[in-house]
Amino acid sequence: MINSDNNDLYDLNEALKVENLTINDYEEICKRLNRKPNRTELGMFGVMWSEHCCYRNSKPLLSNFPTKGKNVLVGPGENAGVIDVGNNQKLVFKIESHNHPSAIEPFQGAATGVGGILRDIFTMGARPIAVLNSLRFGNLDKLSNVDLLRGVVSGIAHYGNCVGVPTVGGEIDFDDSYSGNPLVNVMALGLLETDEIVCSGAKNVGSPVLYVGNTTGRDGVGGASFASSELTTTSLDDRPAVQVGDPFIEKSLIEACLDAFKTGDVIAAQDMGAAGLTCSSAEMAANGNLGISIDLDLVPSREDNMSSYQYLLSESQERMLFVVKEEKVHKLIEKFNKWGLYANVIGQVIETNEVIISHKSKIVAQIPTSALSDDTPINFHEVISNPPDYLLKKWEWKENNLPEINDYKIFSLKDHKTFSYSQIILKLLSNPSIASKKWIYKQYDSQVQANTVFKPGESDAAVIRLRHQNEKNKNKVFSGVAASVDCNSRWVFLDPFRGTIAAVAESARNVSCVGAEPVAITNNLNFSSPETEIGYWQLSTSCNAISEACKALETPVTGGNVSLYNESKNKDNEVTPINPTPVIGMVGRIDNVEKSISSSWKKINDQIWLIGSYKSETTIAASSYLEYFHGEVTGRPPKIDLQDEKFCQSFLRNAILKSFVVSSHDISDGGLAIALAECCILSSKGATIELESHPDRDDNLLFAEGGSRIIFSIDNIKEKEWLEYLKKVQINSPSSVYVKKIGYVSSQTLQIKIQDKEICKIRLEELTEKFNNSISGNF
């Protein structure tokens, strides 16, 4: 036992275990304080030095991201990124994870994930205008995964619907690696309503520190440390580390905060999210190069006999910390009280660079701000020089390993019987990872605020209309923003570099497919333990890929989140890591939302075209077809040529804006055949397609992935003008990029021919039934 300066006795080894700190961390803390920390102070260091708060395992990797660009106003370091989207409008956006809380309490874990990311947005002075989510679960043949899916979707729907922010899009995938550790990543967008961006640095010595919002309880104590550790069979015991949210209080908080920010009387603002009052006070002090003193006796609480440790580490929801003008504090308090919210002055800005906490008339923590926030510990890891042997072996896989095709039929290595191409298409469409997610998104209110251009599932990216805030500038043409979240985690598992480049490229491609220009990204890096050589190699390689892809596509990184230790341990101490999942949240801008397009065919006899790159590889390796039909997760994902990718997207956007292209859809999971089927299902129209024979395998034509490919339809009335336009554009096109007609929109069937030989003919009703009922059939 040790006796701290405040006579706070505790068992050191047990305390370090609780706070997820090492003995080296403890020695560094003692060095920074010039004394031993008391138990409250140790808890403060525990949350501030967690991976969740200080990125101690990933910071060196993140520093290599490109973060500057012509449209970037605020990059990493603040609550969210900010970009200029034209017309004197600024978009605030970010993505965050709530993985571990959702694993043990799916409803509240997911709900408070939505609440937390919304606070990051309106803390900057922006009104939240949209939410997207990226979800991962284990396969639905396990009841526990079905229960997790149901709980998470209910939590997202409850919070988003009640708070009045539309859930406009997202993605979801199923794989056994997520069975013990689901992923819940939530992205939010907001439109700035204040003249100035509200930042978090404290200013002006003597300024009051104002606590606003909900009361503080014991829920969520230690949540940041909990989020930075692996899940085990005893994780259910950590339910108190999961926060409990109230979306109706959040709605009041949004309105009250935006109203307060517009007065100019709020000097700085910080959300009380991860690490609660500890993190918000320490970061405000450090960002302002000043200090803060706080009296916990003045903090509104909902429970009796709370300790200073509990006050400081509570992650109770819907709370904010402000630094305000002293002469305006009473008016601000009245504003928040009007909304039924607590508003108490709990401290002040001080000149000395310290965070000083008092409780029951005694100082319980006194820590230099630099000790908590600056030069936080970094865990350095060696990066293995070569890919691990198990991957090198998988990369040896070739397409000729598959059974031969006889009379357009192929033997499934998974089901051990022969299928026609029509049967394979229907089988892939019914796989939950490919099938319609309607059962999920129909629970979300996607239309609230009346600015959602396309409903979820209708387009490759969400499109949000930006209404003019200044009535003087109001006109009939509305600009808009597009957003997409993407990651093919199978590809990243099989090759972290190629897979992550593909995630950036696909997110940009989806934004381009609606007619918007990709501008910037936020990312959520979901990985397993960095303490294993493979885990850290995956993380490091993926970060390098993000840097390369973002530089090539000119989409800088404005911020994001790192979620490590995503792995589960069973009662036999066997560890199952998730597939590495670097989710990319891409945003783009479009000058006129009336020009944006969806994925569905528009009318019969419209021409169907294909654009792609010969330099970007197209292969069955690592494909959905290989996994879901043949039962093999192997091969090396296709390499993407980023310059050709960039050209293909630019070509498509220009053709959309010139009103030649009336629908478009990128080719991803399941290949060309599935992309065509999805367009048919969405439009209730068929397609007649004619393809040239493949030199090796015809299933490559239908189910291969990669190639920077997009299918799009052209208004048949504009055929002559389109061909003239195409002829002009192709003069300056790379020789490696092809644009070719492959068919036309028809009425009731998807018909595919290869060299005039019909290989597939499926009625629209069959396609729709398989696609729409796969996930809902589990509930």
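Quick rundown of the values:
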item: Of all residues making up region 153-211, the number that are closer than 22 Å to Thr581 by Cβ and among the polar types (S, T, N, Q); result: 5
item: Subset of region 358-372 that is open to solvent by less than 20 Å² (accessible area, probe 1.4 Å) and under 35 Å from the mean Cα position of the chain (by Cα) - its residue that is modelled with the highest pLDDT; result: Ile367
item: Where Tyr628 falls short, out of the listed (1) open to solvent by 20 Å² or more (accessible area, probe 1.4 Å); (2) touching a Lys or Arg at 6+ places or on another chain (Cβ under 8 Å); (3) in a loop (DSSP other than H, G, I, E, B); (4) hydroxyl-bearing (Ser, Thr, Tyr); result: (3)
item: Residue match in region 503-516 (condition: surrounded by fewer than 24 Cβ atoms within 10 Å (Cβ to Cβ) and aliphatic (A, V, I, L, M)); result: no
item: Subset of region 42-70 [over 20 Å from the mean Cα position of the chain (by Cα) and closer than 14 Å to Gly276 by Cα]; result: Gly43, Met44, Phe45, Gly46, Val47, Met48, Trp49, Ser50
item: Whichever residue in region 131-175 is in contact (Cβ under 8 Å) with a residue 60 or more places away in the chain and charged (D, E, K, R) and, among such residues, is most open to solvent (accessible area, probe 1.4 Å); result: Arg150
item: Some residue of region 373-382 being under 30 Å from Glu327 (Cβ atoms) and buried (at least 19 other Cβ atoms within 10 Å of the Cβ); result: yes
item: Residue ID - most open to solvent (accessible area, probe 1.4 Å), chosen from residues in region 90-99 that are of a type outside the set (Phe, Trp, Tyr) and part of a strand (DSSP E or B); result: Lys90
item: Region 654-668, residues that are outside any strand (DSSP E or B) and open to solvent by 10 Å² or more (accessible area, probe 1.4 Å); result: Asn654, Leu657, Lys658, Ser659, Phe660, Ser668
item: Which numbered condition Asn87 misses (of (1) at pLDDT below 95; (2) closer than 24 Å to Ser433 by Cα; (3) surrounded by fewer than 24 Cβ atoms within 10 Å (Cβ to Cβ); (4) not aliphatic (A, V, I, L, M)); result: (2)
item: Residue match in region 146-167 (condition: among the aliphatic types (A, V, I, L, M), in a helix (DSSP H, G or I), in contact with a strand residue (DSSP E or B) (Cβ under 7 Å, 6 or more places away or on another chain) and farther than 26 Å from Ser316 by Cβ); result: yes
item: Single residue of region 350-366 satisfying the filter (touching a helix residue (DSSP H, G or I) at 6+ places or on another chain (Cβ under 6 Å) and among the hydrophobic types (A, V, I, L, M, F, W, C)) that is farthest from Lys31 (Cα to Cα); result: Val364
item: Residue tally, condition under 23 Å from Phe478 (Cα atoms) and surrounded by fewer than 19 Cβ atoms within 10 Å (Cβ to Cβ), over region 47-71; result: 1
item: Of all residues in region 12-33 being free of Cβ contacts under 8 Å to residues at least 40 places away in the same chain and among the acidic types (Asp, Glu), the one that is farthest from Asn379 (Cα to Cα); result: Glu14
item: Selection within region 381-419 - closer than 19 Å to Ser623 by Cβ and part of a loop (DSSP other than H, G, I, E, B); result: Glu396, Trp397, Lys398, Leu402, Pro403, Glu404, Ile405, Tyr408, Ser412, Leu413, Lys414, Asp415
item: Failed item, numbered, when Cys679 is tested on (1) outside any loop (DSSP other than H, G, I, E, B); (2) open to solvent by less than 40 Å² (accessible area, probe 1.4 Å); (3) out of contact with any Phe, Trp or Tyr (no Cβ under 8 Å at 6 or more places or on another chain); (4) within 28 Å of Ile410 (Cα to Cα); result: (3)
item: Whichever residue in region 100-130 is within 17 Å of Gln449 (Cβ to Cβ) and of a type in the set (A, V, I, L, M) and, among such residues, is surrounded by the fewest Cβ atoms within 10 Å (Cβ to Cβ); result: Ile129
item: Qualifying positions in region 682-693 - out of contact with any strand residue (DSSP E or B) (no Cβ under 8 Å at 6 or more places or on another chain) and either modelled with pLDDT under 95 or in a loop (DSSP other than H, G, I, E, B) (or both); result: Ser684
item: The listed residue being of a type in the set (Ser, Thr, Tyr) and part of a strand (DSSP E or B), out of Ser358, Ser422, Ser433, Ser459; result: Ser358
item: Total residues in region 714-760, condition touching a residue at least 60 places away in the same chain (Cβ under 8 Å), more than 30 Å from Ile405 (Cα to Cα) and open to solvent by less than 20 Å² (accessible area, probe 1.4 Å); result: 2
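Residues are listed down the side, and each one gets a yes or a no for (1) surrounded by 24 or more Cβ atoms within 10 Å (Cβ to Cβ); (2) of a type in the set (A, V, I, L, M, F, W, C); (3) within 27 Å of Val205 (Cβ to Cβ):
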{"position": "Glu250", "(1), (2), (3)": "yes, no, no"}
{"position": "Leu258", "(1), (2), (3)": "no, yes, no"}
{"position": "Ile292", "(1), (2), (3)": "yes, yes, yes"}
{"position": "Asp304", "(1), (2), (3)": "no, no, no"}
{"position": "Leu312", "(1), (2), (3)": "yes, yes, yes"}
{"position": "Glu315", "(1), (2), (3)": "yes, no, no"}
{"position": "Lys331", "(1), (2), (3)": "no, no, yes"}
{"position": "Lys335", "(1), (2), (3)": "no, no, yes"}
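Residues are listed down the side, and each one gets a yes or a no for (1) hydroxyl-bearing (Ser, Thr, Tyr); (2) touching a helix residue (DSSP H, G or I) at 6+ places or on another chain (Cβ under 8 Å); (3) over 23 Å from Leu525 (Cβ atoms):
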{"residue": "Val92", "(1), (2), (3)": "no, yes, no"}
{"residue": "Gly109", "(1), (2), (3)": "no, yes, no"}
{"residue": "Gly115", "(1), (2), (3)": "no, yes, no"}
{"residue": "Leu118", "(1), (2), (3)": "no, yes, no"}
{"residue": "Ser134", "(1), (2), (3)": "yes, no, no"}
{"residue": "Leu140", "(1), (2), (3)": "no, yes, yes"}
{"residue": "Asp147", "(1), (2), (3)": "no, yes, yes"}
{"residue": "Gly151", "(1), (2), (3)": "no, yes, yes"}
{"residue": "Pro166", "(1), (2), (3)": "no, yes, yes"}
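Here's the yes/no breakdown for (1) open to solvent by less than 10 Å² (accessible area, probe 1.4 Å); (2) within 24 Å of Glu171 (Cβ to Cβ):
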{"site": "Glu617", "(1), (2)": "no, yes"}
{"site": "Ala622", "(1), (2)": "yes, yes"}
{"site": "Lys646", "(1), (2)": "no, yes"}
{"site": "Leu652", "(1), (2)": "yes, yes"}
{"site": "Gly670", "(1), (2)": "yes, yes"}
{"site": "Ile674", "(1), (2)": "yes, yes"}
{"site": "Ser683", "(1), (2)": "no, yes"}
{"site": "His694", "(1), (2)": "no, no"}
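The values are calculated or read from the model by the stated rules, or taken from the named source; none is laboratory data. Everything numeric in this text was worked out from a predicted model, so none of it was measured. A quick note on method: Cβ atoms are made from the backbone with ideal geometry, for glycine too, and the neighbour counts reach across all protein chains shown. Note: areas computed on protein heavy atoms with side chains; ligands, DNA, RNA excluded. Shrake-Rupley method; radii C 1.70, N 1.55, O 1.52, S 1.80 Å.
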